[in-house]
Structure formats: structure tokens, C-alpha cells
Amino acid sequence: MNETEARIAAHICGDGWLTTHLEKNALHIVHGKRYYQNRIRYEMGYCNTRKELLKEFEIDMLNKFGLLPRRVEFEVRFRSKQVFERIVSLGGGNSRSWSIGKEIFASNKKIKKEWLRAFFDDECTFDQYSKRIKIKSINLNGLKQTKRLLTHLGISSNITGPNIDKTFYFIIPRKNVPKFYNKIGLKHKIKNERIKQYLKNDENFRKKSAF
């Protein structure tokens, strides 16, 4: 378990996906002999319009698993049953089923921070009116785990809902935004800049250089 795997798993939970499909009459080559047989394809992918995040995911998959992507505009796709199963073991899943794997909870703070940073890069917004960091999700259990992981780093948060569309809001209150920024931060340039500008103009934050 390392920081790279944590980022990959978090991005799959955020703007990524895992899928399987049956490929009929797929070509197999064994000991130089060619034959055709049905097989299950295991595919994972990530989609993001931010080049810095898309590139990070691509590099992480190459460095950790040696996989090169198939690129489709703002999307990268990979095939590997072994990697697919590894990501599932770390909690990767769809919008309703993603979770945070036990290995991540048992890991050191650096790994926890990387999971949170990558997930918030994909899923969070910074409300410039209320000055809160928010995530909207249908996955209540996943949000509860996210809350626990943040608590391990000394950052408190709230969950509200359900909303009329059966989703929930995950909220980091205004008073805890400086802690999040200092301890975790974001790679997403636009989101990070909005928080940075708010903190730059916030008198209370300027008086405290560390948390």
C-alpha cells in the first residue's frame, strides 16, 4: 500500500469507473497457437477536463502497474483483471458502492492525505458565499467513511440530508477550511486558487500561519 495506489483508488471513486463486459470470440494466443474463445474484459477509466488531474492518474497507473492508457479526449482507459481487482480491494466502485478500503484506514497519514486530496479534487466544490467545502453524493456510507478519515487528520466535518433527490451533502465548515488547505490541499488549480484567495483575504487566517 502506498500513496500512488491511494490516489488511484480515490480517483476511481470520484470521476472514475470500473466495468466488465463479455467479449465474444476473443483472440487467444497460447504457445504460438491462435484460437477464439469468449472472455470477460476488465476495464477501468478516469475522466476529467483538468489536464493536471488526468495526467496524474495516467502517470500513477504507469508507475504503479505498468499500464498505458487508451485515450479518448478527456478520458483514459485501462484493461487489467489484476489491477481491477486490486482497486476493488481498496474500495473502488461506482457512485453508490465506492468505499475506503481497510488498508487505507490502517495506513500512515501521508497515504490518508493522498486519498482525500485526490477524492476532493474530483468531487468537492468551494462555496464562495458560505466559504465551505462541499461534496454532493448519493453514497452515505462512503461519506461517513470520508468523515472518519478526515477525523484521523484532525479535521471535523458534517453530513446533511437526505435531499429531495436522495443525495447527501458532505460539508467542511468555514472554520475548518484552513486546516483542510494546510493539511491536505488540492491539485485542481481552479478549486485550489479559490480557496487560496479566500484565505488570503481572511483576517483570522492571516493571524495563524499553522494549524
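The set of residues in region 66-109 that are more than 16 Å from ALA10 (Cα to Cα) and assigned to a helix (DSSP H, G or I) comprises LYS81, GLN82. Scanning region 80-95 for residues that are surrounded by 15 or more Cβ atoms within 10 Å (Cβ to Cβ) and touching a helix residue (DSSP H, G or I) at 6+ places or on another chain (Cβ under 8 Å) gives SER80, VAL83, ARG86, ILE87, LEU90, GLY91, GLY92, GLY93. Being farther than 26 Å from HIS188 by Cα and at pLDDT 95 or above holds for only one residue in ALA26, ALA10, ALA6, ALA106, and it is ALA106. Looking at region 125-185, the strands (runs of 3 or more DSSP E) lying wholly inside it that each contain 2 or more residues that are closer than 21 Å to ASP15 by Cα and of a type in the set (D, E, K, R) sit at 132-137. The sole residue among TRP115, TRP98 that is buried (at least 16 other Cβ atoms within 10 Å of the Cβ) and touching a Gly at 6+ places or on another chain (Cβ under 7 Å) is TRP98. Scanning region 139-186 for residues that are within 25 Å of ASN94 (Cβ to Cβ), touching a residue at least 40 places away in the same chain (Cβ under 8 Å) and buried (at least 16 other Cβ atoms within 10 Å of the Cβ) turns up ASN139, GLY142, GLN145, THR146, LEU149, ILE172, ILE184, LEU186.
The values are calculated or read from the model by the stated rules, or taken from the named source; none is laboratory data. This structure is a prediction, so every number in the text was calculated from the model and none was measured. Cβ sites come from the backbone with ideal geometry, for glycine too, and all protein chains shown count toward neighbours.
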